[in-house]
Amino acid sequence: AAALHRLQVLFLTDSTAPFVPIIKAFLEAAPRTTFVRALLALALAQAGDAAGALAEAEKVPLAHPADSSDEALPLSLGVLADTAWRIGAPDLAAAVADALAPFAGQWLVFGQVTATWGPADRARGLALAASGQVDAGARLVASARGAAEASGAGAWVARCDADLVMLGARDPSPAPPPG
């Protein structure tokens, strides 16, 4: 949990790229850990290795296998959405957006909130934008920003604001309430 928290903080504030060797070593020790593979894909993307990131991302299942209940699947999908956006992989992004649809309005969490990858709508919005549906993606990220603000999750509010700017939204602040 502590290592996962540290990687999440690095994602929110800097880059996981320097941890590629450590993530690879962990994955070699536990090759069936799909969340770690998703983190490796993101770290490779942040390091500028788009081909390596895509190769790792394509190894991550987008749904539970029939004989498994991977508790980290929601987090893995969120990480893959960020990876697909960063490397410009529209096919991966479209598949991730579809896989995230059942999580609409939820938070992407692992365990009993041992870790979170923020609002599912943020991740799905990035995936939609990366698949070419930028306006729909920006609307979802704006919705996720509202959920993060309502929850008092300042780091995710800031991340959504940055995402909205990256997506070309004119004003990342939420629309004023009607009336």
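The values are calculated or read from the model by the stated rules, or taken from the named source; none is laboratory data. This is a predicted model, so every value here is computed, not measured. Cβ sites come from the backbone with ideal geometry, for glycine too, and all protein chains shown count toward neighbours. Please note that ligands, DNA and RNA were not included when accessible areas were found on the heavy atoms of the full protein model with its side chains. Shrake-Rupley method; radii C 1.70, N 1.55, O 1.52, S 1.80 Å.
The table below gives the values:
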| quantity | calculated |
| --- | --- |
| Number of positions in the stretch 87-103 that are open to solvent by 40 Å² or more (accessible area, probe 1.4 Å) and more than 14 Å from LEU62 (Cα to Cα) | 2 |
| The one condition in (1) within 15 Å of the chain's Cα centre (by Cα); (2) open to solvent by 50 Å² or more (accessible area, probe 1.4 Å); (3) of a type outside the set (A, V, I, L, M, F, W, C) that GLY125 fails to fulfil | (2) |
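Each row is one residue, and each column tells you yes or no for (1) modelled with pLDDT under 90; (2) crowded, with 17+ Cβ neighbours inside 10 Å.
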| residue | (1), (2) |
| --- | --- |
| GLU58 | no, no |
| ALA81 | no, yes |
| GLY105 | no, no |
| GLN112 | yes, no |
| ASP121 | no, yes |
| GLY132 | no, no |
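So that you can scan it fast, the table gives a plain yes or no per residue for (1) in contact with a Pro (Cβ under 8 Å, 6 or more places away or on another chain); (2) within 17 Å of VAL79 (Cβ to Cβ); (3) not polar (S, T, N, Q):
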site	(1), (2), (3)
GLN106	yes, yes, no
ALA129	no, yes, yes
GLN133	no, no, no
ARG159	no, yes, yes
